[in-house]
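I have placed the structure first, in the form of structure tokens, so that the comments after it can refer back to it.
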Amino acid sequence: MLNQFVPRLVQKVLLIMTIFQFLTLVASELPPAISFSKISSVVWTGVVQFSILAVDEVGLQKIEVFVNNSKIAEFTRAPFEVSIDTTRYPDGSYQITAIAYNSVGRVSSSNITVYFKNRSQTSVQVSQPKLLWTYEAVIERVKYNFRNVPAVGNDGTLYIAAYDTIKYNNFLFAISRNGTLRWRYEVGSNFAGPVVGPDGTVYINTGRLIAIGPNGYKRWEILLSKDSLPSSENYQYTPVIDTSGNIYVSTREALFAVNPSGVVKWNFQVRTEVRPVVDKEGVVYVVQGMKLIAIDSNGKEKWRVDTGGIASWLCLGDGVILVYQSTPKTKLVAISKQGEVLGRTNMPTLIWMASAGVTIGKDGTIYGINTDEKLVALTPDGTQKWAFDIPEKFTLAGSYIILTGNNERVTLIGESGIVYVGSPDAVYGIENGQVIFRLQVANPINKPLVMTDDGILYAVSHLGTVIAFQTNDKPAQSPWPMAGRNYRNANSE
């Protein structure tokens with residue numbers, strides 16, 4: 001009896017196993033089931049939270065969530081809770097897509113279309129800026145011209161590189177917030193800078209790093225490079241300062257880290273023509289050729305990645321490093337702080353400011369001036385939102401000096417969303433491609449605009465003029481609202 005029973009038992013087990021294998025095979029052929037949950041409206045304002053529901057018979061591998069074509073979240077296990085800050089995007093229609101992957105490679109997706117609406121909640125209403133004063137750099141009948149990107153101290157003093165038009169000697173000018181010259185410091189040779197530290201110390205780079213106090217007296221000076229700086233604009237060699245006051249200086253030989261007392265902490269052998277940037281963790285990002293290199297606070301290399309081309313400038317976006325690749329093809333490359341290339345976007349138009357860069361609004365919109373003298377607004381994926389054709393063209397001025405100065409013309413973004421930009425005859429306030437105000441000026445405004453937290457807007461001409469306007473705006477709380485990231489020109493978070 002037992003001998004008869006065993007074969008039957010084996011047959012049943014084999015049958016059950018066959019059925020199980022068949023069901024497993026069928027299940028593996030089915031894609032995951034995925035849907036959205038906890039969505040109460042298709043009009044989204046502020047921070048919106050929702051859930052993704054997903055199941056699969058053979059096991060989920062991961063869930064990805066996208067806003068249009070940009071991935072914003074990835075999960076490998078439940079719960080799949082998503083939060084989107086819609087204020088970081090322009091108002092408009094968006095497709096939210098969730099994609100589920102199972103362990104055998106099957107994929108399914110679900111999407112919804114929603115509308116982001118925040119513009120009506122703007123907290124600042126901008127009125128016509130008020131002229132405070134105009135400063136002309138003429139001393140004992142000698143006229144001075146300005147160069148480089150200006151910087152402002154916490155007390156509102158404007159610092160700017162200058163040279164006299166007779167002997168071409170170089171100076172650092174300190175202009176008070178009431179429009180008078182506080183002091184000038186003679187440097188002699190051409191220099192990069194200025195940049196202002198957290199304690200008010202002003203730094204310039206001549207190949208020697210020089211620290212100058214707010215009173216105009218030198219605090220210390222150290223030799224960093226035996227190779228003198230180029231005689232042209234020196235934006236790439238302007239020092240960078242982190243939140244602790246440490247100074248980072250590029251030379252033709254290396255990148256140096258110097259503490260606020262003037263002691264070299266470390267140097268890293270790298271040759272760069274692009275000004276570095278520093279994040280709030282003290283990590284320095286620098287370009288060498290087609291490589292972006294991350295250097296930790298101890299001077300050790302963390303990683304390096306290929307940018308795909310020669311880069312012209314760096315800036316910090318929302319948790320990413322944005323690299324402007326001007327050759328061989330114009331692209332914007334987004335790289336995470338972990339060294340992962342997140343995307344490469346073909347730019348629809350060439351941005352002119354190859355050295356000083358662009359600005360970024362709160363919603364991630366990128367602003368710059370193109371070679372047609374148009375102010376362009378680009379979405380984070382490189383799509384043009386709008387363009388404002390600046391009526392006055394620097395290219396028609398017929399002056400080599402003006403053309404050179406124009407290479408540093410960079411927009412400024414206010415908390416109101418107004419884009420400020422200079423021209424040969426005016427300072428404009430632009431919103432969504434439309435003129436909000438136009439401020440007439442006598443000399444071309446071809447240096448980056450700078451704005452303090454109390455709303456003073458400084459407009460600088462290379463011809464030695466500074467114009468101060470009082471606004472009821474302030475710099476946008478965005479990843480990169482002006483040249484140098486903030487009014488101290490620190491180039492850091």
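Quick look at the values:
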{"read-out": "Residue in region 298-339 that is surrounded by the most Cβ atoms within 10 Å (Cβ to Cβ), counting only those that are in a loop (DSSP other than H, G, I, E, B) and touching a residue at least 40 places away in the same chain (Cβ under 8 Å)", "value": "317"}
{"read-out": "Residue within region 69-81 that is over 19 Å from residue 58 (Cα atoms), at pLDDT below 85 and hydroxyl-bearing (Ser, Thr, Tyr) present", "value": "yes"}
{"read-out": "Residue in region 416-430 that is among the hydroxyl-bearing types (Ser, Thr, Tyr) and at pLDDT below 90 present", "value": "yes"}
{"read-out": "Options 67, 82, 142, 149; residue that is surrounded by 15 or more Cβ atoms within 10 Å (Cβ to Cβ), of a type outside the set (Ser, Thr, Tyr) and over 25 Å from residue 45 (Cβ atoms)", "value": "149"}
{"read-out": "Cross-chain or 6+ apart pairs with Cβ under 9 Å, region 176-188 first and closer than 14 Å to residue 458 by Cβ, then among the polar types (S, T, N, Q) and surrounded by 11 or more Cβ atoms within 10 Å (Cβ to Cβ)", "value": "176/157; 177/157; 177/452; 179/134"}
{"read-out": "Selection within region 465-481 - in a strand (DSSP E or B) and hydroxyl-bearing (Ser, Thr, Tyr)", "value": "465"}
{"read-out": "Where a residue in region 226-244 is surrounded by 24 or more Cβ atoms within 10 Å (Cβ to Cβ) and its partner, wherever it lies, is at pLDDT below 90 and of a type in the set (Asp, Glu), with Cβ under 9 Å and at least six apart", "value": "235/408"}
{"read-out": "Hits in region 46-64 - residues which are surrounded by 16 or more Cβ atoms within 10 Å (Cβ to Cβ) and within 27 Å of the chain's Cα centre (by Cα)", "value": "48, 64"}
{"read-out": "Verdict on residue 203 being without any contact (Cβ under 8 Å) to a residue 12 or more places away in the chain and not small (Gly, Ala, Ser)", "value": "no"}
{"read-out": "Filter result (part of a strand (DSSP E or B) and touching a residue at least 60 places away in the same chain (Cβ under 8 Å)) within region 268-297", "value": "277, 278"}
{"read-out": "Residues within region 167-184 that are buried (at least 19 other Cβ atoms within 10 Å of the Cβ) and under 15 Å from residue 144 (Cα atoms), tallied", "value": "6"}
{"read-out": "Restricting region 435-451 to residues that are of a type in the set (S, T, N, Q) and modelled with pLDDT of 90 or more, the residue that is surrounded by the most Cβ atoms within 10 Å (Cβ to Cβ)", "value": "443"}
{"read-out": "Selection within region 249-267 - assigned to a loop (DSSP other than H, G, I, E, B) and surrounded by 14 or more Cβ atoms within 10 Å (Cβ to Cβ)", "value": "251, 252, 253, 254, 260, 262"}
{"read-out": "Flag if residue 163 is of a type in the set (Phe, Trp, Tyr) and either closer than 21 Å to residue 256 by Cα or surrounded by fewer than 22 Cβ atoms within 10 Å (Cβ to Cβ) (or both)", "value": "yes"}
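Results for (1) over 30 Å from residue 143 (Cβ atoms); (2) among the aromatic types (Phe, Trp, Tyr); (3) part of a strand (DSSP E or B), shown as yes or no for each residue.
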{"position": "409", "(1), (2), (3)": "no, no, no"}
{"position": "417", "(1), (2), (3)": "yes, no, no"}
{"position": "430", "(1), (2), (3)": "yes, no, yes"}
{"position": "443", "(1), (2), (3)": "no, no, no"}
{"position": "446", "(1), (2), (3)": "no, no, no"}
{"position": "453", "(1), (2), (3)": "yes, no, no"}
{"position": "457", "(1), (2), (3)": "no, no, yes"}
{"position": "460", "(1), (2), (3)": "no, no, yes"}
{"position": "463", "(1), (2), (3)": "no, no, no"}
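The values are calculated or read from the model by the stated rules, or taken from the named source; none is laboratory data. All figures in this text were calculated on a predicted structure; none of them were measured in a lab. As a convention, Cβ positions derive from the backbone with ideal geometry for all residues, glycine included, and neighbour counts pool all protein chains shown.
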